[in-house]
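Read-outs throughout are calculated quantities, based only on the coordinates presented, and are distinct from any laboratory measurement. Quantities reported herein were computed from a predicted structural model and do not represent experimental measurements. Glycine also receives a Cβ, built like all others from the backbone with ideal geometry; neighbour counts cover every protein chain displayed.
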Amino acid sequence: MSWASRRWERLLRGGAGEWARYYTARLSALKRKTNLNLASSGAQPTVVPRSGHPISRSSISANALRVLYRLKDGGYQAFLVGGSVRDLLLGLQPKDFDIATNASPDEVRALFRNCRLIGRRFRLAHVYFGNEIVEVATFRAAHQWQPEERDEDEWQPNDAAAQRVLDARGRILRDNVYGTIEEDVWRRDFTANALYYNIEDFSVWDFVGGVEDVAARRLRLIGDPVTRYHEDPVRMLRAIRFAAKLDFSIETHTETPIRELAYLLTHVPAARLFDETLKLFLSGFGVEALRLLQYYGLLEPLFPEAGELLRRRPDGAEARLLQAGLVSTDARVAADKPVTPTFLFAVLFYGPVSERARQLQQHGQPETLALLNACEETVRAQQARVSIPRRFTLPMREMFTLQPRFKRRDGKKALSLLNHPRFRAAYDLLLLRAQVGAEDAELAKWWTDVQTASAAERETMVRSSGGPAHTPGTRRPRRRRRRRRHSSTPS
Ligand code: ATP
Ligand code: MG
């Protein structure tokens, strides 16, 4: 381990205070030595040399390195950017390695055979290496605001247009004038996400004080926060996501406007918010993300009914079930087990769905039908905010409507539930309901035990839980059903 790595590791362990002290001292020394301007005041970066940071090439993906070197050898600037530099400074394994360059998309394509340009207007290069895709973006110019009377829903991440265009609310609709690194930096969101690792000499370029902020574990928006949130309200959710994921604090100016501007999220395309929701809740820090969303008033613009219910009954069974669901999701991510949006939305909507279903039952609907209708209504009301594809809402609906069936433990039908394609998911929900006292714990235990029981044991379990059991192969004599003209009570 190099001197720099050891030093960073010590700083990481030492906590934010030590980092901040170290970096403030180190940056001022660097500035004195190189006579650079203060990072945030102009276009001059503070250049942290290889000896001053812990980023080692051995922790960068081999394919990303290949791309960086090929660009450099082609005579272009090539930098690792964004989350990967931030994560490497923190000693974390980056999710992906994004690259920024002054080569135009066509020039990038000319260098790589395994390359495709994507995006209709803002073009990005994807370089393919088997399963790994390295994304190469040409530096973008910032601050070329052009109001345009254009309709909603123009935002396409990674697919913006030939010019930066704002709508009437100041939201970015399109953004794409290629520029220099000095321009590229200003369009990025947080200082911690605006660091550039230069393949030329392995230094880190910092225009905005990002190294210091990473060291202090602090999120700070570049520029005026109110303007930046208006341009793209999703930055508020990104602040929550990074704060939760990296255990960063949100710097005061970045934090202050959030509550007041939370409503801006209602103007963001619902499909984009679906993606952001998954990133918030399914990346292993869902419990903390929920806490922060509630704290900053960001849950209700996304999930109005769930948010309102949690506020009204913060200690109710619904809130505890959501909490327990997120705890288990976080644990699964930590254990590298798969997680599914279906389960997430089931625990998020458990409150509104069960509350509405209770009302419908009071109006005489049978339980399963009430759950079905409650689910439909909840999902319909939700789509305008965070649109959830049917491939998740349909199985979620089954998770709800199967709940009443767990109460039947006698007879063949009970055991046939075990073979239902949605049994496992519904059973997981049953466990959570039992955990928070919304269902009999003994019932949940029965369904736990029956799964591991042998065929013979199952027979006994079914028999001892009340109703008549049937030996496999023998048929119960059918009861003749009389047609009823008028059904009196709903069954
Ligand atoms: P993650 O670890 O989740 O991938 P990331 O910082 O890499 O975090 P991405 O969504 O992959 O986040 O975006 C890559 C980079 O693009 C960011 O680091 C940031 O510099 C910039 N960026 C992304 N979204 C925005 C946005 N809404 N506004 C401004 N800059 C953004
Ligand atoms: Mg990323």
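Spin-label model, Thr227 to Glu442: label points 7 Å out along the Cα-to-beta-carbon direction sit 6.7 nm apart. The spacing between region 390-411 and region 216-232, judged by their C-alpha centroids, is 44 Å. Taking amide H atoms as placed 1.01 Å from N in the peptide plane, the amide H of Asp98 lies under 5 Å from those of Val81, Ser84, each 5 or more residues away in sequence or on another chain. Each Lys and Arg adds +1 at its Cβ and each Asp and Glu adds -1 at its Cβ; summed about the Cα centre, region 247-353 shows a dipole of about 280 debye.
When you count, for each residue, the other Cβ atoms within 10 Å and take the mean per peptide, how do 210-217, 446-453, 420-427 rank with the highest first? Present the calculation step by step, with values, prior to reporting the outcome.
Working: 210-217: 24.9, 446-453: 14.6, 420-427: 16.6.
Put in order of decreasing packing, that is 210-217, 420-427, 446-453.
Summing Lys and Arg as +1 and Asp and Glu as -1 over all other residues whose Cβ lies under 12 Å from the Cβ of Thr368 gives a net charge of +2.
Stretched out straight at 0.36 nm per residue, the stretch from Ala384 to Thr452 would grow longer than its current Cα-Cα span by 20.2 nm.
What's the FRET efficiency of Tyr295 with Thr460 using the Cβ-Cβ distance as r and R₀ = 45 Å, to the nearest 0.05? Write down the numbers at each step before the final one.
Working: r = 51 Å, r/R0 = 1.13.
Working from the Cβ atoms, E equals 0.30.
Taking 0.36 nm per residue of sequence separation and removing the Cα-Cα distance, the Val47/Asp336 pair yields an extension gain of 100.3 nm.
Can you give the extra length, in nm with one decimal, that the chain gains between Ser249 and Glu377 once fully stretched, where that is 0.36 nm per residue apart less the Cα-Cα distance? Working it through step by step, the gained length comes to 42.3 nm. Remark: for residue pairs Lys337/Lys413; Lys337/Lys445; Lys95/Lys279; Lys279/Lys337, the C-alpha separation exceeds 20 Å in Lys337/Lys413; Lys337/Lys445.
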